[in-house]
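A.B. asks: Below is one structure. I have some questions about it.
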Amino acid sequence: MQTQTRDIASITAAAGEQIASIAMEPAPTVHLQVDIFDSIAPLEAEWRALEQDDLNSLHQSYDWCAAWAENFKRPLAIVRGSIENHVAFILPLEIIRSHGIRRAEFIGGHHNNINTGLFSALFLADGPLTSVQVNAISAALRGKVEVVILRNIPLEWRGRKSPLASLTTIENQNRAFQLPFLGSFEASLKQVNAKRRRKKFKHQSRLLDARGGYEYLIAGPDQQDALLDLFFRQKATRFKNAGLPDAFKDARIKAALHAMLHRRHSDGIGATLQMHALRLKGKHEGHIPAIAALSRKGDHVICQFASIDEAVVADASPGELLFWLMIERLHREGVALFDFGIGDQTYKRSWCPMETVQHDLFLPVSGVGRLAAMASRSMTRTKVAIKSNRRLYSLIQRLRARHAAGAPAADGGDTD
């Protein structure tokens, strides 16, 4: 009986040791398969499925990226991550060669107001990219690029943390400015001094009514291209007067934006880009003193760009009036957030109680890429320092204006 007890005890102890051994073994790592594509067409179905999530930025949507890719024809490096045959994410990247270094950036580059990448809900639940996953992406890109630079990414967007936050980051020199929509138009206005806003709107309306009136125009299919071309002319004049290079001068940029006017959302509702304008009546019949281009993704509307012509009714602040009319209309259409985009300007601060800090993220793929990432971070720090010193920034702007007065504007480029 005593021997049997010892045998049972020894068996139990051995089983316990085996269970403990199993428990101490590391949990198996879920394998991430990373594939790189040099065109977007093979990914369309998977891409459109991911973009149904409204918190995945419109700037990584299939139609937005297709318009840029088709017109710029840069080499592409579309990163698709899959786990157990399910698409976990897509990073739509294009390859830009500069000073002998190939860098991968989001398609659309400096014309994107907010970037997030495209991530599945299941993958988002696991938190930021792990070091193993980051290494897998780097390995897949090796030989194609030296560095990945992902600009204008909020590390947290509308309550969701970015899975890309585990990459090396630095705060971008520009922030984005938003107006949250509350329960009513009046409640939303109270965030930005409703009394002053209404007084200004009435004053603007009276000035224009005295000159024959105005109308708020949302361009139809037969008007949108002409209105976009007018925007390009208005903006070129504004850039020239400000002593800045024309960010829309490149014919490929113009062609891509025209293409977006005709690309419908995957749900069939609305175009990727929609033109809005203020048009005068009476003495200046047909004159358009203000234009804006909007994009919508779910309940988030982004003002992609805007322009004004001060030749006729500058005292009525037509750009401000157009924003009022757009915001008032969108308030009735289920929008929750009106986004004025990146760039610190007085009119944005006057409308927006909310600022979104954006970051640039870096993934070096080679030794040269590490040096390029360091140089880019250093440049961004310099821009942040300059922009945080208003006197210095104003001085630089004045010097640029003087320089531009004696020389033609540069072709495109970074105007930050």
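A.B. asks: Could you identify the single residue in P180, P221 that is farther than 19 Å from G319 by Cα, touching a Pro at 6+ places or on another chain (Cβ under 9 Å) and open to solvent by 20 Å² or more (accessible area, probe 1.4 Å)? Lay out the reasoning, then the answer.
C.D. replies: On the way: P221 fails: touching a Pro at 6+ places or on another chain (Cβ under 9 Å).
Result: P180 is the single residue among P180, P221 that is farther than 19 Å from G319 by Cα, touching a Pro at 6+ places or on another chain (Cβ under 9 Å) and open to solvent by 20 Å² or more (accessible area, probe 1.4 Å).
Quick grid of which residues meet (1) modelled with pLDDT of 95 or more; (2) of a type outside the set (S, T, N, Q); (3) touching a helix residue (DSSP H, G or I) at 6+ places or on another chain (Cβ under 6 Å); (4) under 25 Å from H59 (Cα atoms):
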site	(1), (2), (3), (4)
V312	no, yes, yes, no
V335	yes, yes, no, yes
F338	yes, yes, yes, yes
Y347	no, yes, no, yes
M379	no, yes, no, yes
I386	no, yes, yes, no
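A.B. asks: Right, another one. Could you tell me how many of the residues in region 250-282 are in a loop (DSSP other than H, G, I, E, B), surrounded by fewer than 18 Cβ atoms within 10 Å (Cβ to Cβ), modelled with pLDDT under 95 and of a type outside the set (G, A, S)?
C.D. replies: Filtering region 250-282 for residues in a loop (DSSP other than H, G, I, E, B) gives 250, 262-263, 265-270, 272-273, 281.
From what is left, the residues that are surrounded by fewer than 18 Cβ atoms within 10 Å (Cβ to Cβ) are 250, 262-263, 266-270, 281.
Then drop every residue that is not modelled with pLDDT under 95, which leaves 262-263, 266-270.
From the residues that got through so far, the ones that are of a type outside the set (G, A, S) too are 262-263, 267, 269.
The number of residues fulfilling the criteria is 4.
A.B. asks: Within the bounds of region 218-238, is there any residue that is small (G, A, S), at pLDDT 95 or above, closer than 23 Å to I342 by Cα and part of a strand (DSSP E or B)? Walk me through it before giving the result.
C.D. replies: First, pick out the residues of region 218-238 that are small (G, A, S): 219-220, 226, 236.
Of the ones still in play, those that are also at pLDDT 95 or above are 219, 226, 236.
Now drop any that are not closer than 23 Å to I342 by Cα, which leaves 236.
Remaining after also requiring part of a strand (DSSP E or B): none.
Checking region 218-238: not a single residue is small (G, A, S), at pLDDT 95 or above, closer than 23 Å to I342 by Cα and part of a strand (DSSP E or B).
A.B. asks: Within region 41-49, can one find any residue that is assigned to a strand (DSSP E or B), over 22 Å from P364 (Cβ atoms) and at pLDDT 95 or above? Spell out the reasoning first.
C.D. replies: Of region 41-49, the ones assigned to a strand (DSSP E or B) are none.
Checking region 41-49: not a single residue is assigned to a strand (DSSP E or B), over 22 Å from P364 (Cβ atoms) and at pLDDT 95 or above.
A.B. asks: Now a separate question. If we scan region 63-76, do we find a residue that is at pLDDT 95 or above and at positive phi?
C.D. replies: Step one: list which residues in region 63-76 are at pLDDT 95 or above, which gives 63-76.
Add one more test, that the residue is at positive phi, and what stays is 73.
Yes, because at least one residue in region 63-76 is at pLDDT 95 or above and at positive phi.
A.B. asks: For region 326-358, give me each residue that is open to solvent by 20 Å² or more (accessible area, probe 1.4 Å) and in a helix (DSSP H, G or I).
C.D. replies: Once the filter is applied, which keeps residues that are open to solvent by 20 Å² or more (accessible area, probe 1.4 Å) and in a helix (DSSP H, G or I), region 326-358 yields E328, R329, H331, T346, Y347, R349, S350.
A.B. asks: While we're looking at this one, here's another question. Here's a check for you: in region 51-60, which residue that is surrounded by fewer than 23 Cβ atoms within 10 Å (Cβ to Cβ) and not charged (D, E, K, R) is farthest from A104 (Cα to Cα)?
C.D. replies: Q52
A.B. asks: Looking at region 177-200, which of its residues are small (G, A, S) and part of a helix (DSSP H, G or I)? I'd like the intermediate steps shown before the answer.
C.D. replies: Let us first name the residues in region 177-200 that are small (G, A, S), namely 183-184, 187-188, 194.
Matches in region 177-200: A187, S188, A194.
A.B. asks: Looking at the structure I just gave you, is F89 closer than 24 Å to H300 by Cβ and either modelled with pLDDT of 95 or more or surrounded by 12 or more Cβ atoms within 10 Å (Cβ to Cβ) (or both)?
C.D. replies: Working: closer than 24 Å to H300 by Cβ: yes; either modelled with pLDDT of 95 or more or surrounded by 12 or more Cβ atoms within 10 Å (Cβ to Cβ) (or both): yes.
Answer is yes for this residue.
A.B. asks: Which of the following residues is surrounded by 19 or more Cβ atoms within 10 Å (Cβ to Cβ) and in a helix (DSSP H, G or I): L321, L361?
C.D. replies: Details: L361 fails: in a helix (DSSP H, G or I).
After applying the criteria, what remains is L321.
Residues are listed down the side, and each one gets a yes or a no for (1) farther than 26 Å from S376 by Cβ; (2) touching a residue at least 24 places away in the same chain (Cβ under 8 Å):
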site: A165; (1), (2): no, yes
site: N193; (1), (2): yes, no
site: K199; (1), (2): yes, no
site: D209; (1), (2): yes, no
site: K240; (1), (2): yes, yes
site: A255; (1), (2): yes, yes
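A.B. asks: A follow-up question, please. Being assigned to a helix (DSSP H, G or I) and touching a residue at least 60 places away in the same chain (Cβ under 8 Å) is the filter here, so list the residues in region 107-150 that pass it.
C.D. replies: If the condition is that a residue be assigned to a helix (DSSP H, G or I) and touching a residue at least 60 places away in the same chain (Cβ under 8 Å), then H110, H111, A121, V132, Q133, V134, A136, I137, S138, A139, A140, L141 are the ones that fit.
A.B. asks: Take the residues of region 114-154 that are over 30 Å from G100 (Cβ atoms) and crowded, with 17+ Cβ neighbours inside 10 Å: which is farthest from the chain's Cα centre (by Cα)? Explain how you work it out, then say what you get.
C.D. replies: So the first thing to find is which residues in region 114-154 are over 30 Å from G100 (Cβ atoms), and the list is 114, 116, 118-128, 130, 132, 154.
Remaining after also requiring crowded, with 17+ Cβ neighbours inside 10 Å: 114, 116, 118-120, 123-124, 154.
Numbers: I114: 2, T116: 7, L118: 12, F119: 15, S120: 18, F123: 21, L124: 19, P154: 9 Å.
The qualifying residue farthest from the chain's Cα centre (by Cα) is F123.
A.B. asks: Just one of K235, K199 is open to solvent by 70 Å² or more (accessible area, probe 1.4 Å) and not hydroxyl-bearing (S, T, Y); which is it?
C.D. replies: On the way: K235 fails: open to solvent by 70 Å² or more (accessible area, probe 1.4 Å).
Unique residue meeting the criteria: K199.
A.B. asks: I want to confirm something. Restricting to region 63-86 and keeping residues that are of a type outside the set (D, E, K, R) and part of a strand (DSSP E or B), which single residue is surrounded by the most Cβ atoms within 10 Å (Cβ to Cβ)?
C.D. replies: Taking region 63-86 as the starting set, the residues that turn out to be of a type outside the set (D, E, K, R) are 64-69, 71-72, 75-79, 81-83, 85-86.
Next cut, part of a strand (DSSP E or B) only: 76, 78-79, 81-83, 86.
On the way: L76: 19, I78: 22, V79: 19, G81: 24, S82: 18, I83: 17, H86: 11.
This residue is G81.
The values are calculated or read from the model by the stated rules, or taken from the named source; none is laboratory data. Being a predicted model, the structure only gives us computed values, none of them experimental. Heads up, the Cβs are rebuilt from the backbone with ideal geometry, glycines too, and the neighbour counts pull from every protein chain shown. Accessible surface areas use protein heavy atoms only, side chains included; no ligands, DNA or RNA. Shrake-Rupley method; radii C 1.70, N 1.55, O 1.52, S 1.80 Å.
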